[in-house]
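One structure is given below, encoded as structure tokens.
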Amino acid sequence: MSSTPSRMIPLGTIAPKFELTDGLSSTKKNLNTLKGSSGTLIVFICNHCPYVIHLLKHWVNYSNELLKKKINTIAISSNDVQNYPEDNPKLMKKLSLKYNFKFPYLYDHNQEVAKKYDAACTPDFYLFDKNNSLFYRGRYDKSRPNNSEILDGLDLKNAVELMINNKKLQTTQYPSLGCNIKWKKGNEPDCFSS
């Protein structure tokens with residue numbers, strides 16, 4: 001299983017706007033109407049990545065806790081579904097229902113949103129504050145498929161608590177690690193071109 005780290009865009013980056021189709025409702029949704037009043041967690045995922053599957057149930061449960069804190073979650077899939085049909089929108093809907101997503105799972109069909117966020121892997125976590133300013137980006141926790149670390153979401157949870165209490169995050173923010181985003185041929189960002 002190959003792994004790709006997230007690219008760790010600068011803190012303070014303002015969340016790029018987008019409008020994408022929700023895999024569950026098949027309706028267009030945008031950042032402005034989906035963001036939370038206390039913050040927004042945007043996560044790039046896909047249906048089949050073992051790194052995503054590893055933490056999916058735990059993370060979905062945690063996203064329900066975030067709702068109580070008025071932090072909304074938005075999941076986005078940007079993978080090339082022509083070459084990776086297991087990530088197609090019909091299967092996105094199936095995954096949403098299986099894990100009872102209470103958040104939208106959006107399909108980035110032209111991969112422009114992934115490029116705007118400089119997303120590199122699945123899962124890739126971006127926590128924005130109430131002003132849409134990037135507060136945290138990186139890993140969920142130290143746990144990975146086939147390692148012995150406890151799946152607890154501690155890195156993200158610590159960041160959330162500090163953000164809602166208006167405190168600065170003093171600890172190192174480590175990159176997430178996962179499967180690379182499956183770019184359409186000829187659509188790779190410059191940093192991925194050979």
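The values are calculated or read from the model by the stated rules, or taken from the named source; none is laboratory data. Just so we're clear, the structure is a prediction, and the values are computed from it rather than from any experiment. FYI the Cβ positions are ideal-geometry reconstructions off the backbone, even for glycines, and counts take in every protein chain you see.
Suppose we filter L24, L56, L41 for residues that are touching a residue at least 12 places away in the same chain (Cβ under 8 Å), among the hydrophobic types (A, V, I, L, M, F, W, C) and part of a helix (DSSP H, G or I); which single one remains? Write out each step before concluding.
Details: L24 fails: part of a helix (DSSP H, G or I); L41 fails: part of a helix (DSSP H, G or I).
L56 is the lone residue from the list that is touching a residue at least 12 places away in the same chain (Cβ under 8 Å), among the hydrophobic types (A, V, I, L, M, F, W, C) and part of a helix (DSSP H, G or I).
Being touching a helix residue (DSSP H, G or I) at 6+ places or on another chain (Cβ under 8 Å), of a type in the set (V, I, T), farther than 19 Å from C121 by Cα and assigned to a loop (DSSP other than H, G, I, E, B) is the filter here, so list the residues in region 146-181 that pass it.
Scanning region 146-181 gives a single hit, T171.
Those residues that are more than 15 Å from the chain's Cα centre (by Cα), in a loop (DSSP other than H, G, I, E, B) and not charged (D, E, K, R), I need them from region 77-100; list them, please.
Once the filter is applied, which keeps residues that are more than 15 Å from the chain's Cα centre (by Cα), in a loop (DSSP other than H, G, I, E, B) and not charged (D, E, K, R), region 77-100 yields V81, Q82, N83, Y84, N88, Y99, N100.
Restricting the search to region 1-39, which residues are surrounded by 15 or more Cβ atoms within 10 Å (Cβ to Cβ), under 26 Å from L169 (Cβ atoms) and of a type in the set (K, R)?
Those that are surrounded by 15 or more Cβ atoms within 10 Å (Cβ to Cβ), under 26 Å from L169 (Cβ atoms) and of a type in the set (K, R): R7, K35.
May I ask you to list the residues in region 43-55 that are buried (at least 19 other Cβ atoms within 10 Å of the Cβ) and over 22 Å from I9 (Cβ atoms)?
N47, H54
So which residues in region 150-183 are of a type in the set (V, I, T) and either under 18 Å from the mean Cα position of the chain (by Cα) or closer than 14 Å to Y136 by Cα (or both), if there are any at all?
Correct list: V160, I164, T171, T172, I181.
Confirm whether T171 is in contact with a Ser or Thr (Cβ under 9 Å, 6 or more places away or on another chain), free of Cβ contacts under 8 Å to residues at least 40 places away in the same chain and among the hydroxyl-bearing types (S, T, Y).
no
Does N131 satisfy the condition of being at pLDDT 95 or above, within 25 Å of T172 (Cβ to Cβ) and exposed (fewer than 15 other Cβ atoms within 10 Å of the Cβ)?
yes
From Y174, Y99, Y107, grab the single residue that is hydroxyl-bearing (S, T, Y), surrounded by 14 or more Cβ atoms within 10 Å (Cβ to Cβ) and closer than 21 Å to G39 by Cα.
Y174
Residues to consider are Y117, Y105, Y99; find the one that is hydroxyl-bearing (S, T, Y) and more than 11 Å from F44 (Cα to Cα).
Values: Y117 fails: more than 11 Å from F44 (Cα to Cα); Y105 fails: more than 11 Å from F44 (Cα to Cα).
Selected residue: Y99, the only one of Y117, Y105, Y99 that is hydroxyl-bearing (S, T, Y) and more than 11 Å from F44 (Cα to Cα).
If a residue has to be at pLDDT 95 or above, surrounded by fewer than 16 Cβ atoms within 10 Å (Cβ to Cβ) and more than 22 Å from F135 (Cβ to Cβ) to count, how many in region 56-85 make the cut?
1
Considering only region 177-194, state which residues are surrounded by fewer than 10 Cβ atoms within 10 Å (Cβ to Cβ) and either modelled with pLDDT of 95 or more or small (G, A, S) (or both).
Passing the criteria: G186, S193, S194.
Return yes when L156 is touching a strand residue (DSSP E or B) at 6+ places or on another chain (Cβ under 9 Å), touching a residue at least 12 places away in the same chain (Cβ under 8 Å) and within 18 Å of P5 (Cβ to Cβ) and no when it is not.
Spelling it out, L156 is indeed touching a strand residue (DSSP E or B) at 6+ places or on another chain (Cβ under 9 Å), touching a residue at least 12 places away in the same chain (Cβ under 8 Å) and within 18 Å of P5 (Cβ to Cβ).
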